[in-house]
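Written below as structure tokens is the structure these notes are about.
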Amino acid sequence: MSQSSVGRGLRVAVYPGSFDPVTYGHLDIIHRAAKQFDRLIVAVLNNMTKNPLFSLEERMELLRQVTGDLPNVEVDGFRDLLINYMEKKQAHVIVRGLRAVSDFEYELQMASTNHKLSPEVETFFMMTNPQYSYLSSSIVKEVAKFHGRVTDLVPPVIEQELRKKYAVKS
Ligand code: PNS
């Protein structure tokens, strides 16, 4: 029996987010978190209010394509309170990436709310690789919208899909 399967059973972590679209910053967190847990569920929020560029299905499909080499990573969608989703998945760890101090307040608020709703669930923060500390899905979309180069910011398949979304229609 492995160390990790003693006690609480299989260590399942959930990495929730909008992933509109997934960036190299997210992927860095996914790769590193996948090494720390037995199973990592990348959970994509179907957020009606955010008016995403990519549909839930597109975001999930793209995530599946770029995490296909990681056997303990799976991609799922949710439209619920995160804490309810955690219970459904029998998961006790939420993984979030922290890029800069500016992320902290929002993340603290979310982690504290989730803790209040379910003290059993812990939020684990991982510092984003400094190489990607400036990176966000919004910045990527901004650059792509004006036909800038996003090669170093997202995997090739995402770049291709961004090009399609922002193609000039004649
Ligand atoms: O990538 P994002 O947009 O920063 O991710 C935010 C996300 C999806 C983790 C957060 O908005 C969330 O968990 N939403 C689900 C609704 C919920 O549980 N809200 C209460 C926590 S404050």
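Miscellaneous remarks
- Restricting the range 112-128 to residues that are of a type outside the set (Ser, Thr, Tyr) and within 14 Å of LEU81 (Cβ to Cβ) leaves a set whose member that is most open to solvent (accessible area, probe 1.4 Å) is LYS116.
- Some residue of the range 66-85 being among the β-branched types (Val, Ile, Thr), within 13 Å of the ligand (Cβ to nearest atom), in contact with a Lys or Arg (Cβ under 9 Å, 6 or more places away or on another chain) and within 27 Å of ASP38 (Cα to Cα): no
- For the range 118-148, the set of residues classified as among the hydrophobic types (A, V, I, L, M, F, W, C) and closer than 15 Å to LEU108 by Cα consists of VAL121, PHE124, PHE125, MET126, MET127, listed by residue number.
- Close Cβ contacts (under 7 Å, 6 or more residues apart or on different chains) running from residues in the range 47-74 that are closer than 16 Å to THR23 by Cα and in contact (Cβ under 8 Å) with a residue 40 or more places away in the chain to residues that are more than 12 Å from the ligand (Cβ to nearest atom) and open to solvent by 100 Å² or more (accessible area, probe 1.4 Å) are absent.
- Test result for GLU107, surrounded by 14 or more Cβ atoms within 10 Å (Cβ to Cβ), acidic (Asp, Glu) and within 13 Å of the ligand (Cβ to nearest atom): yes
- Figure legend. Inter-residue proximity from the range 93-115: first residues closer than 20 Å to VAL22 by Cα, second residues open to solvent by 70 Å² or more (accessible area, probe 1.4 Å) and away from the ligand (no atom under 11 Å from the Cβ), beta-carbon distance below 6 Å, spacing 6+ or different chains. Indicated pairs: VAL95/PHE124; ARG96/PHE125; LEU98/PHE125; LEU98/MET127.
- Which numbered condition ASP152 fails, given (1) surrounded by 17 or more Cβ atoms within 10 Å (Cβ to Cβ); (2) out of contact with any helix residue (DSSP H, G or I) (no Cβ under 7 Å at 6 or more places or on another chain); (3) not aromatic (Phe, Trp, Tyr): (1)
- Evaluated against (1) farther than 30 Å from PRO156 by Cα; (2) open to solvent by less than 50 Å² (accessible area, probe 1.4 Å); (3) within 12 Å of the ligand (Cβ to nearest atom), SER137 falls short on exactly one condition, (1).
- Verdict on GLU159 being within 17 Å of the chain's Cα centre (by Cα) and charged (D, E, K, R): no
The values are calculated or read from the model by the stated rules, or taken from the named source; none is laboratory data. None of these values were measured; they are calculated from a predicted model. Virtual Cβ from ideal backbone geometry, glycine too; neighbours counted across all protein chains shown. Note: accessible area is taken over every heavy atom of the protein model, side chains too, but ligands, DNA and RNA are not part of it. Shrake-Rupley method; radii C 1.70, N 1.55, O 1.52, S 1.80 Å.
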